[in-house]
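Asker: Structure in structure tokens, see below.
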Amino acid sequence: MTRLEPVLSPATLPLAELYAARNDGDLYSVDECFSPIDSLESVAARAAAVRAISSERLIAERDTAAWIRGARELPPSLHTYCASTSARTRSLSRRAIVREVVIDDGEIELIAGMPVTTALRTALDITRHSLRFDDEAAQLVRRLLDLGEHSLGQCVRELGRRPNLPGKKRAIVRLQIALELPLPSRALPGRADA
């Protein structure tokens with residue numbers, strides 16, 4: 001008996017066969033890919049599914065990285081990727097946003113062949129770049145920080161490593177909200193400063 005790969009994509013089997021197997025109850029969806037029902041959904045399976053639909057030079061970040069790591073229950077409607085400024089790449093999907101960033105090797109983990117930002121980098125990017133920081137975003141950041149057992153002090157030190165990083169003050173206020181710490185009296189969570 002032949003064992004199926006843990007994550008199947010249209011590159012593995014024709015899409016019609018994948019949908020038919022899903023409809024028959026043999027497969028379940030993992031974003032745009034599929035897994036056999038006897039395979040548990042895992043960090044590796046989610047990473048492999050994202051890898052199947054992206055370029056090898058892209059790094060899963062923000063909501064996509066949070067979903068891969070299990071901090072987010074459902075895959076995002078738009079996948080978020082970053083690429084090193086030296087990578088010069090573009091997205092292969094209409095369901096993706098790609099941005100060029102300065103990123104160190106220590107801020108990336110390889111999961112099932114897919115480069116993914118660390119839980120700390122993912123949480124910091126979400127606090128710096130989210131247009132809205134509501135309860136759902138705060139809970140997501142909290143789950144990411146809990147995954148890596150990161151404290152507010154570690155987050156502040158990491159933000160301080162880069163001198164001209166935009167959104168630092170906003171990120172610190174949002175991290176305090178996420179970690180349910182008292183806010184400084186002058187801090188405004190929605191302010192788009194620095």
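Asker: When the residues of region 95-143 are filtered to those that are basic (Lys, Arg) and not in a helix (DSSP H, G or I), which remaining residue is surrounded by the most Cβ atoms within 10 Å (Cβ to Cβ)?
Answerer: Arg95
Asker: To continue, here is another question. Scan region 144-163 and tell me whether some residue there is under 12 Å from the mean Cα position of the chain (by Cα), assigned to a helix (DSSP H, G or I) and crowded, with 18+ Cβ neighbours inside 10 Å.
Answerer: Yes, there is a match, as at least one residue in region 144-163 is under 12 Å from the mean Cα position of the chain (by Cα), assigned to a helix (DSSP H, G or I) and crowded, with 18+ Cβ neighbours inside 10 Å.
Asker: Of the conditions (1) under 17 Å from Glu107 (Cα atoms); (2) hydroxyl-bearing (Ser, Thr, Tyr); (3) surrounded by 16 or more Cβ atoms within 10 Å (Cβ to Cβ), Ser54 fails just one. Which one is it?
Answerer: Evaluating Ser54 over (1) under 17 Å from Glu107 (Cα atoms); (2) hydroxyl-bearing (Ser, Thr, Tyr); (3) surrounded by 16 or more Cβ atoms within 10 Å (Cβ to Cβ) leaves (1) as the failure.
Asker: Assess whether Pro6 counts as being over 24 Å from Ala66 (Cβ atoms) and surrounded by 11 or more Cβ atoms within 10 Å (Cβ to Cβ).
Answerer: No.
Asker: Also: Does Thr80 count as without any contact (Cβ under 8 Å) to a residue 24 or more places away in the chain and of a type in the set (Ser, Thr, Tyr)?
Answerer: Against the criterion (without any contact (Cβ under 8 Å) to a residue 24 or more places away in the chain and of a type in the set (Ser, Thr, Tyr)), Thr80 qualifies.
Asker: Scan the helices (runs of 4 or more DSSP H) fully inside region 4-76 and keep the ones with 1 or more residues being more than 13 Å from the chain's Cα centre (by Cα) and within 24 Å of Leu144 (Cα to Cα).
Answerer: Ranges flagged: 43-52.
A short reminder: the numbers here are calculations on the coordinates, not readings from a lab. Since the model is a prediction, treat every value here as computed from it, not as a measurement. All Cβ positions, even for glycine, are placed from backbone atoms using ideal geometry, and neighbour counts span all protein chains on display.
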